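The values are calculated or read from the model by the stated rules, or taken from the named source; none is laboratory data. The structure displayed is predicted, hence computed values, not measured ones. Using ideal geometry, Cβ is built from the backbone for each residue, glycine included, and neighbour counts are taken over all protein chains shown.
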Amino acid sequence: MAEIKIAGAGKTGLHPRIVSFLPVGPTKPRVGLILNTDEDTPKELITDLNEVGIRNLTEVLRQNDPVDFIRSRVASQQALLAQHVYDPNLITIHAPVDRDSLNFEVWCAGVTYDDSKRNRNLESNVSPDTLSDYDKVYVDPRPELFFKATPRRVNGPNKFVNLRFDSKWMVPEPEFTLVVNPGGKVIGLTICNDQSSRDIEGANKLYLPQAKIFTGGCAVGPGIALDYSEADARQLEISMEIIRNGQQVFEGKTTYGKMKEERTFENLTDYLFRENEFPDGVFLSTGTGIIPPPDFTLQMGDVIRITADGIGTLENVVGKPSRRPSRELEC
Ligand code: DO4
Ligand code: MG
């Protein structure tokens with residue numbers, strides 16, 4: 001094989017990416033680095049960083065300069081790594097989180113896009129002449145931040161995301177997600193689907209944890225794109241399509257740059273790290289700017305495909321509620 005090149009390293013607009021993957025044989029996911037083997041006909045392959053002593057994602061997420069950390073390991077082991085290269089289509093890609101970490105968490109920011117603010121006001125029937133809590137949080141220096149998931153609650157690409165049986169109005173929320181090291185530095189980006197119930201939150205804001213936190217309520221992936229400056233991130237586009245019975249039933253897109261300008265990396269991480277420690281790093285999902293119309297709700301079997309520039313595509317299928325009502329319940 002030709003010289004191993006870290007995909008994107010040194011090229012404008014492209015960034016090195018890592019994934020969590022399971023090759024045939026090992027029982028625990030490995031950290032993979034996406035490679036380009038040939039500049040002219042770029043084909044993405046994955047090499048196994050376990051071979052150069054990187055045992056888990058936490059090791060990478062704890063770094064201040066993960067690209068330098070990976071590059072230093074890869075540089076001297078070209079021949080070895082060339083023997084451990086996989087076609088991503090032939091292996092399982094997992095969510096880019098260490099399931100064993102007791103410290104890792106996913107958090108979300110909310111109401112960071114004007115569209116999100118307007119839609120929360122609509123779903124909660126706020127009269128247009130009152131200043132709602134959503135209006136207030138949109139302009140307040142303190143962002144809305146909420147806890148979303150522990151590692152075991154995070155599903156990866158091609159896994160199910162669920163509906164709640166007690167909700168009649170459920171949507172995916174496709175969000176750019178900051179990958180933040182324990183020191184509060186943004187070291188990369190990924191995608192999170194902050195799957196949500198709109199009628200539960202709409203009934204009462206205090207129900208937000210129930211609208212947001214449930215089995216199968218969070219998907220992240222496909223990997224982590226490292227080394228994004230805020231200026232670079234603001235150029236990126238994110239899009240979502242929803243396929244039902246083979247037909248596209250929703251499509252929408254936005255950019256990171258359309259997010260409220262004051263919601264900088266610094267603003268979001270500063271508030272998240274106030275009186276909170278994240279010894280294994282944290283994912284901070286930055287809020288949605290793609291909202292399906294009010295008459296849209298997810299159905300079982302829908303395919304949700306979220307694509308973000310530079311990061312990739314996170315695809316999940318909507319599964320059934322994890323628990324069926326044992327008796328007739330009002331919902
Ligand atoms: O305040 C409700 C949640 C907001 C949210 O999740 C978003 O804007 O993405
Ligand atoms: Mg959200």
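Flag set for Glu241, criterion: at pLDDT 95 or above and away from ligand 2 (no atom under 16 Å from the Cβ).
Comparison of Gly257, Gly252 shows that the only residue that is more than 16 Å from ligand 2 (Cβ to nearest atom), at negative phi and over 16 Å from the mean Cα position of the chain (by Cα) is Gly257.
Close contacts from the stretch 107-131, counting a first residue that is touching a residue at least 24 places away in the same chain (Cβ under 8 Å) and assigned to a helix (DSSP H, G or I) and a second that is among the basic types (Lys, Arg) and surrounded by 19 or more Cβ atoms within 10 Å (Cβ to Cβ), with Cβ to Cβ under 6 Å and a gap of 6+ residues or different chains, come to Glu123/Arg198. Evaluation of Lys159 against the conditions (1) within 14 Å of ligand 1 (Cβ to nearest atom); (2) under 28 Å from Asn103 (Cβ atoms); (3) basic (Lys, Arg) shows that the sole unmet condition is (1). Do the conditions hold for Glu123, that is, is it more than 30 Å from Thr92 (Cβ to Cβ), within 11 Å of ligand 1 (Cβ to nearest atom) and out of contact with any strand residue (DSSP E or B) (no Cβ under 9 Å at 6 or more places or on another chain)? Spelling it out, Glu123 is indeed more than 30 Å from Thr92 (Cβ to Cβ), within 11 Å of ligand 1 (Cβ to nearest atom) and out of contact with any strand residue (DSSP E or B) (no Cβ under 9 Å at 6 or more places or on another chain).
A quick yes/no check of all residues on (1) closer than 24 Å to Ile238 by Cα; (2) acidic (Asp, Glu):
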{"position": "Glu44", "(1), (2)": "yes, yes"}
{"position": "Leu49", "(1), (2)": "no, no"}
{"position": "Leu80", "(1), (2)": "no, no"}
{"position": "Lys117", "(1), (2)": "yes, no"}
{"position": "Thr130", "(1), (2)": "no, no"}
{"position": "Pro143", "(1), (2)": "yes, no"}
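Across the stretch 248-295, the qualifying residues are those that are of a type in the set (D, E, K, R) and in a helix (DSSP H, G or I), and the one among them that is surrounded by the most Cβ atoms within 10 Å (Cβ to Cβ) is Lys258. A residue that is within 13 Å of ligand 1 (Cβ to nearest atom) and either in contact with a Lys or Arg (Cβ under 7 Å, 6 or more places away or on another chain) or within 26 Å of Thr307 (Cα to Cα) (or both) cannot be found anywhere in the stretch 181-190. Restricting attention to the stretch 169-209, the residues that are surrounded by fewer than 22 Cβ atoms within 10 Å (Cβ to Cβ), within 16 Å of ligand 2 (Cβ to nearest atom) and in a helix (DSSP H, G or I) add up to 6.
List every residue pair whose Cβ atoms lie under 9 Å apart, where the two residues are 6 or more positions apart in sequence or sit on different chains, the first residue falls within the stretch 53-70 and is more than 16 Å from Phe278 (Cα to Cα) and free of Cβ contacts under 8 Å to residues at least 40 places away in the same chain, and the second residue, located anywhere, is assigned to a helix (DSSP H, G or I) and β-branched (Val, Ile, Thr). Pairs found: Ile54/Val60; Ile54/Ile70; Phe69/Val60.
If you go through the stretch 42-97 one residue at a time, how many are under 25 Å from Glu315 (Cα atoms) and either touching a His at 6+ places or on another chain (Cβ under 7 Å) or assigned to a loop (DSSP other than H, G, I, E, B) (or both)? The total comes to 10. Residues in the stretch 281-297 that are at negative phi and in contact with a Pro (Cβ under 7 Å, 6 or more places away or on another chain): 2 in all. Scan the stretch 122-145 and tell me whether some residue there is modelled with pLDDT under 95, among the polar types (S, T, N, Q), within 16 Å of ligand 2 (Cβ to nearest atom) and buried (at least 16 other Cβ atoms within 10 Å of the Cβ). Looking for residues that are modelled with pLDDT under 95, among the polar types (S, T, N, Q), within 16 Å of ligand 2 (Cβ to nearest atom) and buried (at least 16 other Cβ atoms within 10 Å of the Cβ), one finds at least one in the stretch 122-145, hence yes. Just one of the numbered conditions (1) surrounded by fewer than 22 Cβ atoms within 10 Å (Cβ to Cβ); (2) farther than 25 Å from Val180 by Cα is not true of Ile242: (1).
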